[in-house]
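The values are calculated or read from the model by the stated rules, or taken from the named source; none is laboratory data. Predicted model, so just to flag it, every value in this text is computed and none were measured. In this analysis, Cβ positions are derived from the backbone assuming ideal geometry, glycine residues included, and neighbour counts consider all displayed protein chains. We work out accessible area using only protein heavy atoms, side chains counted, and drop any ligands, DNA or RNA first. Shrake-Rupley method; radii C 1.70, N 1.55, O 1.52, S 1.80 Å.
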Amino acid sequence: GEAFFVETAGPDGTIQDFEIVYTFGVDPLQQHLVRLPGGRLQALGVAWDSRPASVGGQRWFHLHPEEAIPPDDVLHWTGPAGSWNAMCADCHSTNLEKGYQLDGNRFDTRWSELDVACEACHGRGSTHIAWATSGADSASTGRGLEVPLGSERAWELQEGARIASRIPAPPTDAHGQMSGDGEIDVCAPCHSRRTRIAEAEPGGAFLDQARPALLDEGLYYADGQILDEVYVWGSFVQSRMYAAGVTCSDCHDPHSLRIEEPDAACAGCHRPEAFATPAHHHHEARSTGASCVACHMPSRTYMVVDDRHDHGFRVPRPDVSEKIGAPDTCTSCHADRSPGWATAAIADWNGSSAVSGVHPGEILHAGRQLLPGAAASLAALADDKERPPILRASALRLLGVQLDAASLPSLHAGLRDPSPLVRMAAASAAESLPLQDRWLALESLLRDDTRAVRIEAARALAPLRQGITDPRAAGPFDAALAEYREAQLLSAERPESHVNLGLLDDQLGERNAAQQAYETALRIGPWFLPSYVNLAEHHRTRGREDESERLLREAVSLFPDNADVLHALGLLLARQQALDEALVSLGRAAELAPQNPRYAYAHGIALSSTGQLETALAVLGDAHERHPGNLNLLVALATLHRDAGHTDEARSYAEKLLALRPEDPNAQALMRELE
């Protein structure tokens with residue numbers, strides 16, 4: 001009849017017929033929704049490629065073409081990753097009420113429109129209707145929109161200028177940098193990689209509604225280029241265009257979803273006589289290399305067919321790409337050439353091979369690798385008010401795990417920074433401070449104007465709550481903690497939220513509530529391993545070693561190749577002096593996760609404690625080669641070599657340790673002992 005069906009494997013793996021109840025998406029792909037029990041609307045793992053056939057579209061394709069996804073996998077269309085209610089609806093519908101009910105683990109999701117309609121951006125339409133029927137002057141009333149957008153502005157190419165100026169000039173922030181209008185706050189809650197912390201409010205401040213991801217490893221390359229699916233905002237706010245006051249609608253039509261031919265859009269503000277010429281791009285006219293977008297907005301493909309452009313509008317730097325392992329725009333076209341060749345070519349164009357200063361990407365890369373001198377460079381980057389706030393915030397986040405006396409002033413400056421994004425990152429970094437210093441650093445942020453900052457401060461201060469008796473301090477503290485809880489419960493269908501609440505309750509001394517939160521996480525998400533690990537640790541701290549071991553062994557049986565749970569089980573067995581079995585678990589964890597230095601450290605120490613010194617030194621030495629800035633590995637190598645009588649080797653590692661922490665009295669004492 002008029003219904004559409006799909007025949008596919010259901011939640012139990014059997015082939016069944018499911019009715020397609022909704023389609024969402026337009027271009028370049030469309031997804032189809034099936035209704036499952038518990039009020040769930042699930043997006044199929046097969047989608048329709050709506051692009052023209054001439055570019056390979058007009059076909060069905062699988063969203064995970066290289067993987068066989070079994071029904072018990074989180075990525076199966078019937079599982080959490082396919083949940084339209086939780087994963088898609090927030091940004092692909094209007095006036096959503098998710099309606100998740102924890103007691104029954106079900107949804108009663110409601111919405112006004114199954115697309116991004118007017119009210120999603122402009123707020124309630126009733127005020128617009130009242131204006132439309134009043135005969136009022138649109139110029140003076142903003143058409144009655146609750147959230148009017150598209151402020152009166154223009155970009156003017158003045159005589160002799162290469163780049164247009166905004167007329168009138170946008171407002172400036174506390175650093176004198178230009179900033180856009182409220183349009184960014186309207187677009188960002190969906191066009192960003194973020195965690196929702198409050199219900200959507202059209203026109204509300206972005207950081208009152210969401211906690212955005214920074215330039216974190218795994219999401220962005222160290223130079224800020226997009227890596228994972230990060231949805232534009234994080235790259236755009238790095239750009240000079242954003243700093244100059246450019247907003248989304250200067251290039252994109254938010255109503256038609258169209259953009260004029262991309263290079264033509266650039267020419268509206270960038271004088272073609274200066275930029276659309278071989279003197280600028282050094283390529284043949286109308287070639288790929290002559291395209292603004294090809295060089296300054298490289299794309300990555302997500303969801304198999306969706307090419308998304310990096311909105312950082314950065315100048316290609318093949319020299320930096322070669323140093324930090326980031327993509328190089330030049331050799332993405334010139335695939336038979338090296339970044340070194342591209343660097344030399346650019347130097348030839350410019351008449352110089354020298355580029356002054358250290359690129360921020362090199363600093364973030366060093367910070368991620370914990371390299372010697374990284375802390376000082378991160379601190380300097382965080383202090384540089386000419387840099388975009390997201391870059392400074394990312395530097396502060398990395399600085400948190402390598403704070404020293406010299407970089408501490410940068411952290412304190414970040415806590416007072418005018419940018420809420422920087423303050424949020426500084427609050428997170430301050431969790432590295434000793435408890436006695438943390439309260440003095442963060443207490444004022446519990447009353448910050450921005451919700452994301454308040455809840456970050458509350459989370460970092462939670463271990464201190466039991467000792468706060470003054471109601472003038474306890475009131476703001478409890479209010480911020482309540483906001484943190486509310487933020488977690490916005491995603492109550494996710495086990496991660498309940499693990500976070502369990503960790504909070506453990507820190508607050510609410511042990512029974514913590515256990516209940518971990519058990520809730522296990523009930524609704526038995527696939528989420530941190531639930532097992534954190535509940536096992538909770539039992540251990542309460543003296544329930546048997547229950548802790550039972551949980552971890554259950555997790556290992558379910559996920560035999562997961563490094564996290566193997567590591568946790570290995571530590572428990574080591575505490576029980578079951579060293580042979582502990583070594584097996586710890587060794588396997590280190591093998592499965594070589595990127596985690598903590599696992600190699602635990603394996604090496606366990607080997608040493610069983611008398612296998614040479615093997616321990618080999619394990620720790622290999623890990624040090626991968627993680628040259630890890631302090632624990634350096635301490636272990638220096639002390640184990642010292643105890644074995646290998647004075648030269650011990651001194652070498654102690655020197656590296658002292659280079660990383662020159663003011664650390666323990667490092668100084670170790671060095672003196674070996675001199």
- Could you pull out the residue among R511, R544, R550, R540 that is of a type outside the set (G, A, S), buried (at least 19 other Cβ atoms within 10 Å of the Cβ), farther than 26 Å from T109 by Cα and over 27 Å from the mean Cα position of the chain (by Cα)? R540
- Message: Can you name every one of the helices (runs of 4 or more DSSP H) wholly within region 283-363 that holds 2 or more residues which are crowded, with 19+ Cβ neighbours inside 10 Å, more than 25 Å from the chain's Cα centre (by Cα) and not charged (D, E, K, R)?
- Response: 292-296, 329-333, 339-350
- Scan region 108-119 and give yes if some residue there is open to solvent by less than 20 Å² (accessible area, probe 1.4 Å), in contact with a Leu (Cβ under 9 Å, 6 or more places away or on another chain) and not in a loop (DSSP other than H, G, I, E, B), otherwise no. no
- Item | Odd one out for W527 among (1) open to solvent by less than 40 Å² (accessible area, probe 1.4 Å); (2) within 22 Å of Q101 (Cα to Cα) | (1)
- Query: If we keep just the residues of region 226-244 that are among the aliphatic types (A, V, I, L, M) and open to solvent by 30 Å² or more (accessible area, probe 1.4 Å), which is farthest from W155 (Cα to Cα)?
  - Reply: L227
- Message: Condition first: open to solvent by 60 Å² or more (accessible area, probe 1.4 Å), touching a residue at least 12 places away in the same chain (Cβ under 8 Å) and part of a loop (DSSP other than H, G, I, E, B). Can you find one or more residues in region 131-142 that meet it?
- Response: no
- Failed condition for L41, given (1) in contact with a Ser or Thr (Cβ under 9 Å, 6 or more places away or on another chain); (2) open to solvent by 20 Å² or more (accessible area, probe 1.4 Å): (2)
- Residues within region 53-71 that are assigned to a strand (DSSP E or B) and open to solvent by less than 50 Å² (accessible area, probe 1.4 Å), tallied: 1
- Query: Among the residues of region 582-595, is any modelled with pLDDT of 95 or more, out of contact with any Pro (no Cβ under 8 Å at 6 or more places or on another chain), open to solvent by 60 Å² or more (accessible area, probe 1.4 Å) and farther than 24 Å from L634 by Cβ?
  - Reply: yes
- Task: Any residue in region 454-479 that's closer than 21 Å to A425 by Cβ: show its pairings with residues that are part of a loop (DSSP other than H, G, I, E, B) and aliphatic (A, V, I, L, M) at Cβ separation under 9 Å, as long as the two are six or more apart or on different chains.
- Result: I455/I197; A460/L433; L461/I468; F477/I468
- Query: among the basic types (K, R) and farther than 25 Å from P28 by Cα, is that true of R300?
  - Reply: no
- Query: Scanning region 465-508 for residues that are open to solvent by 20 Å² or more (accessible area, probe 1.4 Å) and touching a Ser or Thr at 6+ places or on another chain (Cβ under 6 Å), which turns out farthest from R438 (Cα to Cα)?
  - Reply: S491
